[in-house]
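In what follows, a structure is listed as structure tokens, so that the remarks can point back to it.
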Amino acid sequence: MLCFFEASTRTELSFEMAGLRLGMAWSKVEPSGLSLQKGESLRDTFQVLSHYKPDLFVVRHSVAYLPHAVSEWTGVPVINAGDGINEHPTQALIDTFTLWKMNSKKRYSIAFFGDVFRSRVARSNLKIWKALNWNVSVVDDGSENTKNFAKAFGIRVIPRRGIREADVIYCLRVQAERGSSYALSPLSNSDLSKKSKFMHAGPVVMGKDMLLELCERAHPQSLIHEQLKNSLPVREAILDEVLKRARA
Amino acid sequence: MSWFYSKKVWNPKRGDFVSGAFEVKGGRFSQFIFGTLPPKNQKWIDLGGSHVGPSCVDVHIHARDFEECHKETFETLSEAAAKGGVSVGACLANTFPRMDSPARVQEFLKRVKNLPIRLIPFAAVTENLEGKTGTNWNALLKMPIAGLSDDGKPILNAEIFGSVLKAVSRSGKILSLHEEDTTISKGSLLHESHTSCRLGIEGSCSGAEIDMVSRDLEIAKKVKDSSALHFAHVSTGEAVRLLKAAKKRGQKFSAELTPHHGLLSVDHAEEFPAMKLSTFKVCPPIRAKEDQEALWAGLRDGVIDMFASDHAPHSLLEKTQPMEIAAHGMIGLEFYFPLINEIRLRTKLSWQKFFEAAAERPASRLSLHKTRRWAVGADASFIVFNPTAVQKLHWSRSKSANTPFQGASVRGKVEQHWINGVRVYGETR
């Protein structure tokens, strides 16, 4: 069952397509049509849904740790498709796979550009990249949140010009719906060195996250379309693995 | 009539435990004799080498019952308190229905009158604790209540706060304050810290408490008698500093320390698996190590002058939830004495100060200073305990089990608890 309580283009549809390619059938849960509107709790809602025997839930919600709770409440395997500002683990697997495919032996140096504190994509990626011993930093946007985030995760805060040294610049969407504001002017060609690549998990807010000059599909330094291309096989692999484990 | 003897009976004059005996007649202490056995012709209960001291008084309990019997009933609460060494408890007004009218307070008093422990209700400051319309303070303050409180919620309206402070101070009762500026506390999920950042949870800033404490001390300065002020569950170092400065200026108030704010700091949250994180959710949140140290210092120098459990039972339904939508609060009564004894040991608090904070000060705040003293004529309510025995905490007496101290090892064990000369917990030898 696809349970997306927040808007999604990429994650929801790529999960749907990945499942269809594996021969799965999906039920899509539309939050606006649920009895949550009548006052039913999330716990009761998912317990009801679990009686209809889904093999798994894919859950996105603004409440951190809701996917964990759904798993606890129902005993049904849950794939976290984004929970609050906490995590977006499947996106992190796609991003890491994208970099690994480019060079599986490289110890990347990656600089986050944007509001890391409210980014679930940053939290999940960081956990993997730190485990891989990659060199991660974040661009100083002048906010306390960014400094605290860097300290909390033990990564460096670098000045904007420092991102020229990074192999990859990971541009984050400003999470306006979670209270982020634009502290940095958009990423532009002038921020890139010849060797650097840049990524974005999408959706890109053009002209705000990055200048239009970087949004060209054919931009030689962009990995955005690689990320999109890889989302299908990675999510297929995740679905396959989860179902295999559930049936074992 | 019975005599009790132990090698370690609390002697407040000496500030220590000494060999001694005491007689209980009609539920009251009728004699204390130190350095000797009971008179020869008397039978006595031998408490051996166990420590004997006053039982605890707790000014901060959320009793539930009424429409929340799935969380706790007065009976289960009473059993938990008996085991935890608490003989008198003041219960906050956020029951369902709320304690916001004389009729409801009357109903509460009727329901608790036959319990072994004494429960005294607080009444609400505002109707339904909504912070908008004051309850009938004059009528409520004439009733046998602890005082007024909207605990669980702050009194954001400064005008209401100023008026209620005057009214309660005149009555000699207490105004217990939940200091949280809810416009900035972001739901008080977890203290704003590296931990909250790592866990992907929007943290709650210390300012939410500090601003309110500061505002209320300022308003209280302008009130002739502000002695009713009681700061519940103080959690930040800065609030302790504000209170210390106010005390120096001569402002009168009391302030409490809970076992969870005294024994935990926010980094402990990372020891919990994702679905247990909500056990750590309490308002105000458990703060940083530096705040914990400031609370300890405040306790040692008397700025914080009493312990209180803030016992807040919630069922699995309310707690097996993601932190953001789980209920606030944790239980604390069943192992109240061991937990505050652990604070005593960690803070190196003297026994004198410990009993002041655990029994004397809260009793006097509840106007029980005549009956709840360690002296002839007072209620014979005492605990027999071992202050150093290590025990692993398995909570079973409350209806709820929402505590981060499940399975924790602490020092201190209540062996027996006597209330008004009647044993309510433990076995005699």
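Here's a check for you: in the stretch A:146-168, which residue that is facing chain B (nearest Cβ under 9 Å) and of a type in the set (A, V, I, L, M, F, W, C) is surrounded by the most Cβ atoms within 10 Å (Cβ to Cβ)?
Going through the qualifying residues, I end up with A:Phe149.
Mind checking which residues of the stretch A:216-247 are of a type in the set (S, T, N, Q) and either modelled with pLDDT under 95 or in a loop (DSSP other than H, G, I, E, B) (or both)?
A:Gln221
Suppose we keep only residues that are surrounded by fewer than 24 Cβ atoms within 10 Å (Cβ to Cβ) and either at pLDDT below 95 or aliphatic (A, V, I, L, M) (or both) within the stretch B:253-265. Which one would you say is farthest from B:Asp301 (Cα to Cα)?
Per the stated criteria, the residue is B:Leu264.
Filter the stretch A:146-164 for residues that are within 16 Å of A:Ala183 (Cα to Cα) and not in a helix (DSSP H, G or I) and give the result.
If the condition is that a residue be within 16 Å of A:Ala183 (Cα to Cα) and not in a helix (DSSP H, G or I), then A:Val157, A:Ile158, A:Pro159 are the ones that fit.
Only one residue in B:Ala359, B:Ala363, B:Ala378 is of a type in the set (Gly, Ala, Ser) and within 27 Å of B:Pro404 (Cα to Cα), so which one is that?
B:Ala359
Test each condition in (1) crowded, with 18+ Cβ neighbours inside 10 Å; (2) in contact (Cβ under 8 Å) with a residue 12 or more places away in the chain for B:Gly207 and report the one that comes out false.
Only one criterion in (1) crowded, with 18+ Cβ neighbours inside 10 Å; (2) in contact (Cβ under 8 Å) with a residue 12 or more places away in the chain is unmet by B:Gly207, namely (1).
Looking only at residues that are crowded, with 16+ Cβ neighbours inside 10 Å and modelled with pLDDT under 95 in the stretch A:13-42, which one is nearest to the other protein chains (Cβ to nearest Cβ)?
A:Leu42
Report those helices (runs of 4 or more DSSP H) wholly inside the stretch B:296-358 carrying at least 3 residues which are at pLDDT below 95.
B:316-319
Given (1) closer than 30 Å to A:Ala122 by Cβ; (2) at pLDDT 95 or above, identify the lone condition not met by B:Glu202.
(2)
Filter the stretch B:239-290 down to residues that are in contact with a Leu (Cβ under 9 Å, 6 or more places away or on another chain), under 20 Å from B:Leu349 (Cβ atoms) and without any contact (Cβ under 8 Å) to a residue 40 or more places away in the chain, then give me how many there are.
1
Out of the residues in the stretch A:118-145 that are assigned to a loop (DSSP other than H, G, I, E, B) and within 14 Å of chain B (Cβ to nearest Cβ), state the one that is farthest from A:Ser62 (Cα to Cα).
A:Ser143
Does B:Gly131 qualify as being assigned to a loop (DSSP other than H, G, I, E, B), modelled with pLDDT of 95 or more and of a type in the set (Gly, Ala, Ser)?
yes
Would you mind telling me which numbered condition in (1) facing chain B (nearest Cβ under 10 Å); (2) without any contact (Cβ under 8 Å) to a residue 60 or more places away in the chain A:Ile85 fails?
With (1) facing chain B (nearest Cβ under 10 Å); (2) without any contact (Cβ under 8 Å) to a residue 60 or more places away in the chain applied to A:Ile85, the lone miss is (2).
Please find, among B:Glu79, B:Glu107, B:Glu23, B:Glu72, the residue that is at pLDDT 95 or above and in a loop (DSSP other than H, G, I, E, B).
Checking each option against the conditions leaves just B:Glu72.
Looking at (1) free of Cβ contacts under 8 Å to residues at least 24 places away in the same chain; (2) under 13 Å from the mean Cα position of the chain (by Cα); (3) surrounded by fewer than 23 Cβ atoms within 10 Å (Cβ to Cβ), find the lone condition where A:Asn80 falls short.
(3)
Considering only the stretch A:92-99, I want to know if a residue exists there that is free of Cβ contacts under 8 Å to residues at least 40 places away in the same chain and within 14 Å of chain B (Cβ to nearest Cβ).
Taking every residue of the stretch A:92-99 in turn, at least one turns out to be free of Cβ contacts under 8 Å to residues at least 40 places away in the same chain and within 14 Å of chain B (Cβ to nearest Cβ).
Pick out the one residue from B:Asp16, B:Asp100, B:Asp65, B:Asp58 that is more than 22 Å from the chain's Cα centre (by Cα) and acidic (Asp, Glu).
Unique residue meeting the criteria: B:Asp16.
Looking at A:Ser104, A:Ser62, which is the one that is within 14 Å of chain B (Cβ to nearest Cβ) and either surrounded by fewer than 18 Cβ atoms within 10 Å (Cβ to Cβ) or among the acidic types (Asp, Glu) (or both)?
It is A:Ser62.
Are any of the residues in the stretch A:185-207 under 22 Å from A:Trp134 (Cβ atoms), out of contact with any Ser or Thr (no Cβ under 9 Å at 6 or more places or on another chain) and part of a helix (DSSP H, G or I)?
Yes: the stretch A:185-207 contains one or more residues that are under 22 Å from A:Trp134 (Cβ atoms), out of contact with any Ser or Thr (no Cβ under 9 Å at 6 or more places or on another chain) and part of a helix (DSSP H, G or I).
Going by the structure shown, is B:Val410 closer than 20 Å to B:Ala358 by Cα, under 21 Å from the mean Cα position of the chain (by Cα) and aliphatic (A, V, I, L, M)?
yes
The values are calculated or read from the model by the stated rules, or taken from the named source; none is laboratory data. Predicted model, so just to flag it, every value in this text is computed and none were measured. FYI the Cβ positions are ideal-geometry reconstructions off the backbone, even for glycines, and counts take in every protein chain you see.
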